[in-house]
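The values are calculated or read from the model by the stated rules, or taken from the named source; none is laboratory data. Just so it is clear, the model here is predicted, and its values are computed rather than measured. All Cβ positions, glycine included, derive from the backbone under ideal geometry; neighbour counts span all protein chains shown. With ligands, DNA and RNA removed, areas are computed over all heavy atoms of the protein, side chains included. Shrake-Rupley method; radii C 1.70, N 1.55, O 1.52, S 1.80 Å.
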Amino acid sequence: MGPEEELLFRNFQRLKSYMFDDEKVSTTTSREQQKTESSVEKCFDRFEQLMFTHPRLTQVFRLEHQYYLDAMLRRLPSNYECLDSSRPWCVYWILQAAQLLSFNFDDQTLDHVVQFLRNCRTPTGGFGGGPGQYAHLAPTYAAVNSLCIIGTEQAYRAIDRPTLVQFLFSVRESDGSFRLHVDGETDVRGAYCAISCAKLLNLPEPVLKELFAGTGDWIAQCQTYEGGFGGAPDLEAHGGYTFCGIAGLALLNEADKCDRQALLKWTLRRQMTYEGGFQGRTNKLVDGCYSFWVGATIPITQATLSGVDKQMEHTLFDVEALQEYILLCCQKQNGGLIDKPGKPQDLYHTCYTLSGVSIAQHSECANSPQVLGDTINELLPTHPLFNVPPKSVAAARSHFSNSNDTEFSGSESPDKDS
């Protein structure tokens, strides 16, 4: 589809012929797929019945989502107690979703956020899931992204690069892989989080070279026979791990170490024909969060191939169908977005469904976004490798490029036996 062509909603009656056929062999998996398609069908049918009398059905519920995000940043409900070790993630999901919606929090609120994240920083480097918790690569990634989205001098000062580098070396293995925390599990999420933080904070090239020696080779070993990436070598391909794998390789400029054609085929097959959204694994259900995890993987992979194949300059997945699924099936009328119809809204899915819509709209031409429905639906772009605003990436890298690189002199991997 050319960037100037108008995006239209599909013919949902015709699409019914693509609904799942179990060929008279009913299984648990087939019944779950049919149940999901039935819930999506109700959303599509409702849209066809009301589209001419309820024009808001074709719109992103901006105000409702903004109210939801604002309320959640100020006070999380009790059911979020289970995420006590993921509080920087909650902050990041809120800030990123708000940025996509062009919603800005007041300075006082952001100052409080910076102070909270600073309190999550550990003496050994990196950030924990909350104040007083152990350093962990996942909340470190979330905290660094959040502080770079805020982008104030106070926010940048909350990141201590020298101790962060020490933490990264402390969870690095000799083969280039990364544990998520000291003595923790090793998987491709750890490698991606470490690479993303290091690149966003513009660590000096000698540090990057030492820190990620062998990392690209280890990530490439996580690619499976299907084409996607598993969490570690010999594990099943998964949409989230696949994003971490190719994004990590792309940030290291080592994407050629994996089979990109096989990767592209696997990711394109994850888009569901009827629902329009993406599944995360073969033979699984559609899920709104994969709008980003798989949706961003496709343009990243295409970008690494664009120099050798001109076809890669055009978006290969159905950006129209993906936006349809999010607009019609994943929005809650009182704010927030969801996994699939019938699920409650949450911050995780609010962030990644909106991020996926942004990717779909801006993946081909920033000057002429591919926006489905009302023009109010256009979201701000997100950087596909970091999932923060491109302006935040540029500002953070510029800020830290002016930092004193001698602070890292002699930074070598610490002796883990000492």
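General observations
- Percentage relative contact order, segment 338-405, counting C-alpha pairs under 8 Å, at least six apart: 19 percent
- Considering only PRO233, SER363, VAL25, and ranking their Cα positions along the charge dipole of the chain that arises from unit charges at the beta-carbon of Lys, Arg, Asp and Glu, the one farthest toward the positive end is VAL25.
- Estimated [θ] at 222 nm from DSSP helical runs (n ≥ 4, -39500 (n - 2.57)) normalised by residues in the chain, nearest 500: -15000 deg cm²/dmol
- Per residue solvent-accessible surface (Å²) - segment 176-263, probe of 1.4 Å: 35 Å²
- Highest-first packing order for the peptide set 325-333, 166-174, 312-320 is 325-333, 166-174, 312-320, based on the mean count of other beta carbon atoms within 10 Å.
- The value of relative contact order for segment 166-218, using C-alpha pairs under 8 Å at least six residues apart, is 38 percent.
- Charging the Cβ of each Asp and Glu at -1 and of each Lys and Arg at +1, and nothing else, the dipole of the chain about its Cα centre rounds to 660 debye.
- Mean Cα-pair separation over length for the chain, i.e. relative contact order, pairs under 8 Å, 6 or more apart, %: 20 percent
- Distance from segment 49-107 to segment 281-352 (C-alpha centre basis), Å: 17 Å
- Spatially proximal aspartates and glutamates relative to LYS265 (Cα-Cα < 18 Å; intrachain offsets below 8 disregarded): GLU226, GLU236, ASP256, ASP309, GLU313, ASP318
- Only protein atoms count toward the accessible area here, which uses a 1.4 Å probe; on the chain, the carbon and sulfur part of that area reaches 49 percent.
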